[in-house]
Amino acid sequence: MSLAPSTSPYIGDTQVYAESVMQYRAGQWSSPFHPLWEFGHLLWRPAGALLAPVSLHVVPDSWTTLDKVKIAYGLLWMSFVAALGVGALLYDLFRRLAGWKVAALLTFGVAWANGFLLYALSGSSYIPGLLFSVAAVWVLFGGMQQRWRQLTAGVLAAVAALFWFPYILTIPALAVIPWAWNRLTLREGGRILLLIGLTAAACILAGMTAGALAAGVREPAEAVAWYQEAPHDWQQNRRWVRAVSGIPRLLLDLSRDGIVMKRYVLRDPFQSTGFWDLARQSLWKLAWFYAFIGAMLWMAARTVRGRAALLVAVSAGIPMLGFAIFLFEPSSAERFLPMLPFLLLAGAAGWSGAGRWVAGLFLVSLPVINASAFIEACSDVPAAMAGQLEDVRQHAEPDDLLVTVTFSDPFAQWLEQRIFHPSLRQGAPPTYQLLFLASTKAEQWREDFALRTLQQWETGKDVWIRRGALRDRPDTMLQWVEGDHPRIRWADVTAFLTQLGFDRTTERPDGFTRVAKTENNRKILEALAIR
């Protein structure tokens, strides 16, 4: 029901996956490794390549004229079908534990969960991975002590990890289920745990080995390089602080709430945010989320069956939290998606008492909280973005580069993340962010911009920069947060950009200005590019 009227405001790396499929079909790529085989999402690009001929044939030009977006539609369809499968399997699991009424309520909550909707309506591997992870649990609950089910569960869990590698962290929770649920002896429970774990490990090892060979890996050093390509230089700071709001994103759309929180915590001098502003816009959502988590855990702890499910949920949650906080980044909803079914199963197993009213009210509130992000009729964003896009098209050439300060800029997000929207049927101008603050190379932004601009000029195309990036104070629309990166300030941005010359502007005050192809600009950029 929630999928029908909705569109995702964030499609993650769907365009990257589609571009890899395009490179494979053309037989040309610049990477040292085969574009279809990436360590972190091993099976996803190959699945997209298999479906590509169908997508290219079926998707009409009235939807999009771009082959890359047609391939992305194929990825979207696979994710959509996987989402339906997740809903069906979870409903059946919830029904077995708590009856059909509770099952309907919990499944309704999953369908409107922010992290689930984001990727069910994109073209990423997270939901297909979730489908195989949930399928593994579903198979086990059909008869936990049947060996063929244990083996099948291990295989399914491995497939989930081959779609998105962090699903490997939920395998211990899966392997613990028969032990915890049936209160087996240490010996019997340990045997089943080993059987499931070793089956999954063997399948993952076989899949990764085959994928590495297909990618072109032949030496240990190449294997390390292949693995290191997966994080894409992504590394955030203040991870513990970000986790406080990152975990609730699994269920709640916080939209720009993260910006408001950072402005308050970092005492942003450009955009003052008081405590009551923060409480009114954001803190109540965090409190509501953690009240729901508390209710689910409290219910689970009250019964024997609930405590068994709680042990499984903890076995899934702790590794995922550790992965997000210590190894990757905890701000994105997908980092915690693998533990969602285990958390809800714990609540279903112990569903009773006053906690069920808190949990139930939270679940039915999700559409009210999340609808504006997913249903365009509830938002005025499309009209605003369409106006900016029309202004750009009237002044810039189709392949001119549009530069925003960060990816937090709403226009940059629209152009890169709303590729299925009718306004982008014929494609969008290429975009570039001056600062990628989460990158390990963030402080090289001047050199990177200089090189990118010179490359653009060499092809005869122009570079346009947000006019607001040249002002002494960042405009609110730019979503800048002073101190978000400990060593990059707004003054650094303006000091660099104002030394350049500009020769044309678009009409709107929130538009763009063109970097002039003057000798002085070229000297400044070439001096930086050769460092």
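Name the residues in segment 477-513 that are open to solvent by 40 Å² or more (accessible area, probe 1.4 Å) and either more than 17 Å from Leu435 (Cα to Cα) or modelled with pLDDT of 95 or more (or both), would you?
Hits for segment 477-513 are Gln499, Phe502, Asp503, Arg504, Thr505, Glu507, Arg508, Pro509.
Taking segment 378-427 as the region of interest, how many residues are farther than 18 Å from Thr7 by Cα, open to solvent by 40 Å² or more (accessible area, probe 1.4 Å), free of Cβ contacts under 8 Å to residues at least 60 places away in the same chain and not acidic (Asp, Glu)?
3
Out of the residues in segment 474-528 that are touching an Asp or Glu at 6+ places or on another chain (Cβ under 9 Å), among the charged types (D, E, K, R) and not in a loop (DSSP other than H, G, I, E, B), state the one that is farthest from Pro410 (Cα to Cα).
Out of the qualifying residues, it is Arg504.
Considering only segment 294-311, state which residues are open to solvent by less than 50 Å² (accessible area, probe 1.4 Å) and either assigned to a helix (DSSP H, G or I) or within 23 Å of Asn370 (Cβ to Cβ) (or both).
Hits for segment 294-311 are Gly294, Ala295, Met296, Met299, Ala300, Ala301, Gly306, Ala308, Ala309, Leu310.
Restricting attention to segment 185-200, which residues are free of Cβ contacts under 8 Å to residues at least 24 places away in the same chain, surrounded by fewer than 18 Cβ atoms within 10 Å (Cβ to Cβ) and either under 34 Å from the mean Cα position of the chain (by Cα) or in a loop (DSSP other than H, G, I, E, B) (or both)?
Thr185, Leu194 - these are the residues of segment 185-200 that are free of Cβ contacts under 8 Å to residues at least 24 places away in the same chain, surrounded by fewer than 18 Cβ atoms within 10 Å (Cβ to Cβ) and either under 34 Å from the mean Cα position of the chain (by Cα) or in a loop (DSSP other than H, G, I, E, B) (or both).
Mind listing just one residue for me: the one in segment 494-520 that is without any contact (Cβ under 8 Å) to a residue 60 or more places away in the chain and among the small types (Gly, Ala, Ser) and, of those, nearest to Leu401 (Cα to Cα)?
Selected residue: Ala516.
With respect to Phe141, is the statement that it is aromatic (Phe, Trp, Tyr), touching a Gly at 6+ places or on another chain (Cβ under 9 Å) and open to solvent by less than 60 Å² (accessible area, probe 1.4 Å) true? Break it down stepwise before answering.
Working: aromatic (Phe, Trp, Tyr): yes; touching a Gly at 6+ places or on another chain (Cβ under 9 Å): no; open to solvent by less than 60 Å² (accessible area, probe 1.4 Å): yes.
The answer is no for Phe141.
Return the residues of segment 29-70 that are charged (D, E, K, R) and part of a loop (DSSP other than H, G, I, E, B); say none if nothing qualifies.
Glu38, Asp61, listed by residue number.
Taking the condition of being open to solvent by less than 40 Å² (accessible area, probe 1.4 Å), touching a residue at least 12 places away in the same chain (Cβ under 8 Å) and assigned to a helix (DSSP H, G or I), how many residues in segment 270-293 meet it?
7
The values are calculated or read from the model by the stated rules, or taken from the named source; none is laboratory data. If you're wondering where the values come from, they're calculated on a predicted model, not measured in any experiment. Reconstructed Cβ throughout: ideal geometry from the backbone, glycine too, with neighbour counts over all protein chains shown. Just so you know, the surface numbers come from the protein's heavy atoms only, side chains and all, with ligands and any DNA or RNA stripped out. Shrake-Rupley method; radii C 1.70, N 1.55, O 1.52, S 1.80 Å.
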